[in-house]
Every structure is written in structure tokens, then in C-alpha cells.
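Peer 1: Sharing a structure here in C-alpha cells format.
Just so it is clear, none of the values below were taken in a lab; they were calculated from the coordinates. This structure is a prediction, so every number in the text was calculated from the model and none was measured.
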Amino acid sequence: MSQYTPATLESLISITGEADHASILKHANNVLKSEKSHKRVLHTKAVALINLDRYDDAFSVLSVPELAGEAVLERAYCLYKLGRLEDALAAAVDDAGGGGRDERGLKHVEAQAVWVPQFHPWIFLQLTEEGCNV
């Protein structure tokens, strides 16, 4: 039996308090060697990658068929951080009204994507004309 299992991953998370993202990622990768489509482990890997600012890698993990329709907040956040603002906005808006546990986070991603300067350059023109240093 492998020393890397979903149970040992859960144990590692409880011990480290999710602070050691590199160790969690390493452990998740080892679990996935034997259980390639374990949803919880795939999600944990994606969250670890997000916390390590590896958004492109996290988005790739979140795009696997096993996580289709799940981890919507994490997917929208990765799109936002990757500069794919229209996609992030669409992902956040599509699921934000569902009343789920991620609704507040999705509304935050929606707000961030909408108020990025590329979407509203007139804001910065207005602020600089008024003498406000942004």
C-alpha cells in the first residue's frame, strides 16, 4: 500500500493547518500517482497551486473533467489572476446567484473583474484629472 493516500493528505492538512502549501502540493501529487481522478485531492492540489501563485497550473488542474461544475470560485479566481477578465466575469456571474457557499467569493471576483482599469480606463483619467494619485 502506498504511503500517500487521501487520508494521509487530510492528516497533513490538519497538522500543517494548510500553511505549508508546497508540502501539501507534493503530497497531493504523490496521491494522484495512484488515484489519478480523486476529486478531493485534485481540488486540494489546485488550492495549493493558487496559494503558491501558480494560477496557470491551478487552472489546468481545475479544468480536468473530474472537476467539471465544481470549484467554480477557484476557477473564476484563476481566470481573474491570469488577466482573462471577461472569462472570470462570466464564470463568476454564471454561478454567483446560486446561493451556495461560494456566492460571496464569486461576487468579489465579479467586482474585481469589472473594476479593473482595462474595463474602465475613464476612472483613471478622471482621478488623475482631479489630482488624485492612484
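Peer 1: Give me a comma-separated list of calculated 3J(HN,Hα) values for segment 23-31, in order, Karplus coefficients 6.51, -1.76, 1.60 applied at θ = phi - 60°, integers in Hz, x for any Gly or Pro.
Peer 2: Running phi through 6.51 cos²θ - 1.76 cosθ + 1.60 with θ = phi - 60° gives 5, 5, 4, 4, 5, 4, 4, 5, 5 Hz.
Peer 1: Going Cα to Cα from K39, which lysines come in below 18 Å? Please leave out same-chain ones fewer than 8 positions away.
Peer 2: Partners within reach: K26.
Peer 1: What are the lysines whose alpha-carbon lies under 24 Å from the alpha-carbon of K33, with same-chain residues fewer than 8 places away excluded?
Peer 2: Once the sequence-local lysines are set aside, what remains near K33 is K45.
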